[in-house]
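The values are calculated or read from the model by the stated rules, or taken from the named source; none is laboratory data. Remember, it's a predicted structure, so these values are computed and weren't measured experimentally. As a convention, Cβ positions derive from the backbone with ideal geometry for all residues, glycine included, and neighbour counts pool all protein chains shown. Heads up: the accessible areas ignore ligands, DNA and RNA and are worked out on the full protein's heavy atoms, side chains in. Shrake-Rupley method; radii C 1.70, N 1.55, O 1.52, S 1.80 Å.
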Amino acid sequence: MAIYKAQWDFAANDPDQLSFKEGDRIKLLKKDPSGWYLGEIRLPSGNVKHGVFPANYCNPVGSLLRQDSTFSVGSYDQSTQGLLIVDSKVSDGEKQHVLNIKKRNQKDASRTVFRVYAHKQMLYGGFVALVIFGLLAVHFGAEEKVDGSGIMDVGLGMLATLVGVILGVYEYLFEGEPIIEMFPLRALLWLVMSGICFVSFPLWTAGLFLLIAAFIDVIGFLKDEPFIPSKKKRKTRRDKELAEENANLTCCDKVTSYIVHKHEENKLQRMIFCALYASGNVALAIYTAVIWTDIVNSQDEDDRLSPWAPWAKAFGAIIDVNSSLLLIPVCRTIIRFIYNRATSQETCSAKAIRIFFDFVPLDKALLLHKTLAKISLFGVIFHTVAHFINYNIRPDQTVALFGLWPFYSGVILLVMCQLIYMGAFEDVKRPTFEIFWYSHHLFIFYFAITLTHGAGGFNPNFWFYFIIPGILYIIERICRYIRSKRDVSIVSVMVMEPNLLAIEMEKSAFGTDGYREGQYVFVNCPSVKPFEWHPFTISSPPQKDTWTLHIQVQGPGSWTEGVRDYLMSLAPSGKFYHELMHRNNLGKVVKGRVLGPNGLKMLLIDGPHSAPTQHMTEYEVAMIAGAGIGLTPVIACAESIVYHRWKFGLGKIFPAHCHFFWVVSYRDVEAYRWFAAKVCDCQNALTDMRKKGDGMKGKSWKFNIYITSVPKVIKTDDVKNALSGIKRKDFWGRRSVADMKVIQEKATFGREQLYKYMLNPKEKKKQFGDITVIKGRPDWSPLFERVAHLHPNKNVGVMFCGNRYIGKDLKQMCGRYSSVEHKQFFKLHKENF
């Protein structure tokens, strides 16, 4: 194994990355063509951390000849203890600069996905199945009345329970780290345990869970996936002031204080809805249990089921209701229609819909979908336990009444639940969307089998709850199919190094409906992967003649890389920007192209769909934030406000005060040079309107840019390399709306000046008119405090798209600075795909 020596400091901006200082040494575990290598480093605490590190920050120093090496962060002298280093000469050509971004690709998005998927299968599916079915096997053996052979079931059940606890603890502590790298020993152990489970009837389902997890882990091993721990959730800080404030309060005062704070956090209405919904589920379960208790009591003694049967039916009713309602949040067309009505005007009906959304979280469709899924899973677990105990006590009577099909179909449904739920975890879904996509589409078979999950192959209750959501979802799928058949005419394609793809299209793809600021679409490329649809936010204002997507290419082998390579294959060699043409019915060459060389449509789209930035028209004061590629809805809103809402709006315009925030890693600055051009054009337009007095009184516009992970040393040559193509016509991307207008008064700076400073930010903070460039991460507290001070007694809409950890910080800030006393609330609207 080689040793790499850090040439510059690097601060990780992702839990999977390693932080280090100049001079630290990193043990290389695996190289990757993306330029992000897997390595390990010893922390000052003595712990060893695994993660990825940028190869262009380090140089190879030598080979590791002894395996008892230690690497210390910030301790160069101690880093060589226990090592035998063979120095190697590094040529000047090998000393790549930290800013040589053009030779860097983003890390491979699929590096650990199957092993993480297998880890989730065991941590949740395998652990729960072994413990629950192990205990059920013990109960089954104890109830065995035929020939006394239940002793084996009791023993295997106790073994399964013990092994389940041990495996669960191991997976939790080591996060699925392979026992050895050279052989899938962990998968083999699971396979052996699954074979043991198949000996006992009650453990068959647990055996299937283990078998599936082992199979997935072997796939990860065969794909040579390195182990990288999954992302840990950031612990949210609780307000100490709230605890101190409540210390001396009476119980009644504490309840009042709790309600007030929940109201300030904009959670009170949702809590009321959740309480009512939970009460409805409890009432349904009790009602079903009472009905079935009467049925059981009315049966003859020889045919009577056990008292557990009514509870199995009660939890089954919870499953029927919640699994049916799962379809409502994914009916995006219906939600978009309601959403557009709520955010497009200030009529009484629009305000009524907003009040409805305050209670029923349809505007947070993903969150509602997850909540319903969790309630369904709760019902599945206890439905299974209650039915199994009932079978253990009264096996003959149970089979006589229900038959065997409910048991077979139940096992199939449990396996589907395992695959669907485990594929929905963020650290599985984010790196490789395909696993989430394909596993989630098992829902079709899940609902089909659920409809037959009953005596005689028919579920007499599920169809009653399923029929309305099912019809709505069928209508939704028909609408999606019709939209996806629209012609998508691509006007131009541009690649901005190192990893950004810009696609400009004609608005005819949306028919007569158009789109709103920040809405997103699902994109399909039939020539790359015909069955995959991926969501992207529209990065242009709705008033433009064309619309644009800016897509971040995720890495080697990804869907986004395939789309980029496919579209750029149509461009002349060496061209970064390419306009597509076609001949119309008159034989004339015109802009735009629908079909690719193979006769298939180049792109299909489904959308647009509702987005949090639509809420900006509800507020006089708006804070719109984005991180990384989450910039796209931010700049779309900025252009829409400057060029259209403020320029042509009459009367009181919403929003009148705009505060924009964008957080970007320094390594990605070059890929976002198009943004520097757009934000400067906005500043020029603002300057011109202010000079002309075009209704700018009572309006304010601020844009804060935060550049993180800036190296201490930035070489002039690397900045020159980034600016080498500045004279090219396509360097800044397609010209913005401002270039098409006559602007007489311009800002005192240009896009070149702003972009150069972003490449080499020397000061902590620098002002460019209404644009502020800050080196480092945002400190949200003073920003919210300032907005609250500038706009007293006004509600503030906070819209965000980007890293979920920043979203959590914004959520905390909204709760902290909302005040019932001052009648001011910060309301957060987050992007959810």
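Write out, first by first residue and then by second, each pair whose Cβ atoms fall under 7 Å of each other, whose residues are 6+ apart or on separate chains, and whose first residue, in region 595-620, is free of Cβ contacts under 8 Å to residues at least 60 places away in the same chain while the second is open to solvent by less than 10 Å² (accessible area, probe 1.4 Å) and hydrophobic (A, V, I, L, M, F, W, C).
Pairs found: Leu595/Met602.
Restricting to region 685-729, name every residue that is under 35 Å from the mean Cα position of the chain (by Cα), modelled with pLDDT of 85 or more and not hydrophobic (A, V, I, L, M, F, W, C).
Listed by number, the residues that qualify are Lys699, Ser700, Lys702, Asn704, Tyr706, Thr708, Ser709, Pro711.
Output the residue which, of all residues in region 557-569 that are within 17 Å of Ile490 (Cα to Cα), free of Cβ contacts under 8 Å to residues at least 60 places away in the same chain and open to solvent by 40 Å² or more (accessible area, probe 1.4 Å), is nearest to the chain's Cα centre (by Cα).
The extreme case among them is Asp565.
Which count do you get for residues in region 269-285 that are under 25 Å from Ile353 (Cα atoms), of a type outside the set (D, E, K, R) and in contact with a Phe, Trp or Tyr (Cβ under 8 Å, 6 or more places away or on another chain)?
Selection size over region 269-285: 3.
Here is a yes/no grid of residues against (1) at pLDDT below 85; (2) in contact with a Phe, Trp or Tyr (Cβ under 6 Å, 6 or more places away or on another chain); (3) of a type outside the set (A, V, I, L, M, F, W, C):
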position: Asp108; (1), (2), (3): yes, no, yes
position: Phe114; (1), (2), (3): yes, no, no
position: Tyr117; (1), (2), (3): yes, no, yes
position: Phe133; (1), (2), (3): no, no, no
position: Phe140; (1), (2), (3): no, no, no
position: Asp147; (1), (2), (3): yes, no, yes
position: Gly150; (1), (2), (3): yes, no, yes
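Please return the ranges of helices (runs of 4 or more DSSP H) entirely within region 167-251 where 3 or more residues are modelled with pLDDT under 85 and within 30 Å of Ser781 (Cα to Cα).
Correct list: 240-246.
When you scan region 655-707, how many residues do you find that are among the basic types (Lys, Arg), over 16 Å from Ser539 (Cα atoms) and in contact with a strand residue (DSSP E or B) (Cβ under 8 Å, 6 or more places away or on another chain)?
Count: 3.
Would you point out which residue out of Ala289, Ala309, Ala275, Ala342 is in a helix (DSSP H, G or I), among the small types (Gly, Ala, Ser) and surrounded by fewer than 17 Cβ atoms within 10 Å (Cβ to Cβ)?
Working: Ala289 fails: surrounded by fewer than 17 Cβ atoms within 10 Å (Cβ to Cβ); Ala309 fails: surrounded by fewer than 17 Cβ atoms within 10 Å (Cβ to Cβ); Ala342 fails: surrounded by fewer than 17 Cβ atoms within 10 Å (Cβ to Cβ).
After ruling out the rest, the residue left standing is Ala275.
Residue-wise test of (1) hydroxyl-bearing (Ser, Thr, Tyr); (2) in a strand (DSSP E or B); (3) closer than 25 Å to Val642 by Cα.
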| position | (1), (2), (3) |
| --- | --- |
| Ala502 | no, yes, yes |
| Tyr515 | yes, no, yes |
| Val521 | no, yes, yes |
| Pro541 | no, no, yes |
| Lys544 | no, no, yes |
| Trp547 | no, yes, yes |
| Ile551 | no, yes, yes |
| Pro556 | no, no, no |
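From the list Glu745, Glu752, Glu785, exactly one residue is modelled with pLDDT of 85 or more, surrounded by fewer than 15 Cβ atoms within 10 Å (Cβ to Cβ) and of a type in the set (D, E, K, R). Which is it? Write out each step before concluding.
Details: Glu745 fails: modelled with pLDDT of 85 or more; Glu752 fails: surrounded by fewer than 15 Cβ atoms within 10 Å (Cβ to Cβ).
Testing whether each residue is modelled with pLDDT of 85 or more, surrounded by fewer than 15 Cβ atoms within 10 Å (Cβ to Cβ) and of a type in the set (D, E, K, R) leaves just Glu785.
In region 523-532, how many residues are more than 19 Å from Cys801 (Cβ to Cβ), touching a strand residue (DSSP E or B) at 6+ places or on another chain (Cβ under 9 Å) and assigned to a strand (DSSP E or B)?
Residues that pass the stated criteria total 5.
Determine which single condition Ala671 fails, assuming it passes every other condition in (1) modelled with pLDDT under 85; (2) closer than 23 Å to Asn795 by Cβ.
(2)
State all residues of region 570-581 that are in contact (Cβ under 8 Å) with a residue 40 or more places away in the chain and within 18 Å of Asp487 (Cα to Cα); if no residue qualifies, say none.
Within region 570-581, Glu579, Leu580 qualify.
Are there any pairs with C-beta distances below 8 angstrom linking a residue in region 747-766 that is more than 18 Å from Tyr666 (Cβ to Cβ) to a residue that is hydroxyl-bearing (Ser, Thr, Tyr) and open to solvent by less than 70 Å² (accessible area, probe 1.4 Å), with the two at least 6 apart or on different chains, and if so which?
Correct list of pairs: Ala747/Thr687.
Just checking, does region 786-802 include any residue being farther than 20 Å from Trp701 by Cβ and touching a residue at least 40 places away in the same chain (Cβ under 8 Å)?
yes
Identify, from the list Lys794, Lys808, the residue that is among the charged types (D, E, K, R) and under 25 Å from Lys429 (Cβ atoms).
After applying the criteria, what remains is Lys808.
Can you report the number of residues in region 525-556 which are more than 21 Å from Gly628 (Cβ to Cβ) and either surrounded by fewer than 22 Cβ atoms within 10 Å (Cβ to Cβ) or without any contact (Cβ under 8 Å) to a residue 60 or more places away in the chain (or both)?
The number of residues fulfilling the criteria is 13.
For residues that are under 16 Å from Phe654 (Cβ atoms), charged (D, E, K, R) and either assigned to a helix (DSSP H, G or I) or over 28 Å from the mean Cα position of the chain (by Cα) (or both), tally how many sit in region 785-833.
Count: 1.
So in region 788-820, with the set limited to residues that are among the charged types (D, E, K, R) and within 26 Å of Ala11 (Cα to Cα), which one is least open to solvent (accessible area, probe 1.4 Å)?
Asp809
Going through region 755-782 one residue at a time, which ones are open to solvent by 40 Å² or more (accessible area, probe 1.4 Å), in a strand (DSSP E or B) and either among the basic types (Lys, Arg) or under 23 Å from Phe10 (Cβ atoms) (or both)?
Lys765, Lys766, Lys775 - these are the residues of region 755-782 that are open to solvent by 40 Å² or more (accessible area, probe 1.4 Å), in a strand (DSSP E or B) and either among the basic types (Lys, Arg) or under 23 Å from Phe10 (Cβ atoms) (or both).
Where residues in region 46-70 are β-branched (Val, Ile, Thr) and modelled with pLDDT of 75 or more, which of them is nearest to Lys31 (Cα to Cα)?
That would be Val52.
Please go through region 559-604 and pick out each residue that is in a loop (DSSP other than H, G, I, E, B) and β-branched (Val, Ile, Thr).
Val594
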